[in-house]
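Here, each number is a calculation from the coordinates, and none is a lab measurement. Small disclaimer: the values here were computed from a predicted structure and weren't measured. Because the Cβ atoms are built from the backbone with ideal geometry, glycine has one as well, and the counts that use them run over all protein chains shown.
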Amino acid sequence: MKDEPTLLVEFLGNNPTIRIIDFFLDNRTDYSKNEIIKGTCMSKTTFYKVWEKLEKFKVVTPTRRYGKAQLYKINEQNELIKKLISIEFTLGIQATNEALVRVPVKVGSKRK
């Protein structure tokens, strides 16, 4: 995981389930379990504690096999994921608007 939390992790909390979902939302392709573990900087023990729940609620879906590894992607058809995508989008707009308010605008600068 990055040094600075994403807006979604900052808003919903730095827990394993949110970190895995956030990983997939930031990287919209398919990954093996090992790639997800490395990408989230999560221990295998922590990962496997929440992975079954993500499969049970169809948050992630298997896509294809690459050698012996099963690859997974986020299930963008899942209603929960649709709402999280919307929340992430709204957080991005809010952060952008706040950043624009903080940027000083020079009015009446002289040209030479």
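Please specify each residue of the range 71-99 satisfying the condition of being among the aliphatic types (A, V, I, L, M), in a helix (DSSP H, G or I) and farther than 20 Å from P5 by Cα. Walk me through it before giving the result.
Our first condition is that a residue be among the aliphatic types (A, V, I, L, M); within the range 71-99, this holds for 71, 74, 80-81, 84-85, 87, 91, 93, 95, 99.
Imposing the further condition that a residue be in a helix (DSSP H, G or I) reduces the set to 80-81, 84-85, 87, 91, 93, 95, 99.
Residue satisfying the conditions is L80 alone.
Considering only the range 25-45, how many residues are hydroxyl-bearing (S, T, Y) and crowded, with 16+ Cβ neighbours inside 10 Å? So the count comes out to 3. For the range 47-70, filtered to residues that are in a loop (DSSP other than H, G, I, E, B) and of a type in the set (D, E, K, R), the residue that is surrounded by the most Cβ atoms within 10 Å (Cβ to Cβ) is K58.
Quick one: in the range 7-41, which of the residues that are touching a residue at least 40 places away in the same chain (Cβ under 8 Å) and not in a helix (DSSP H, G or I) is farthest from G92 (Cα to Cα)? Here the residue is S32.
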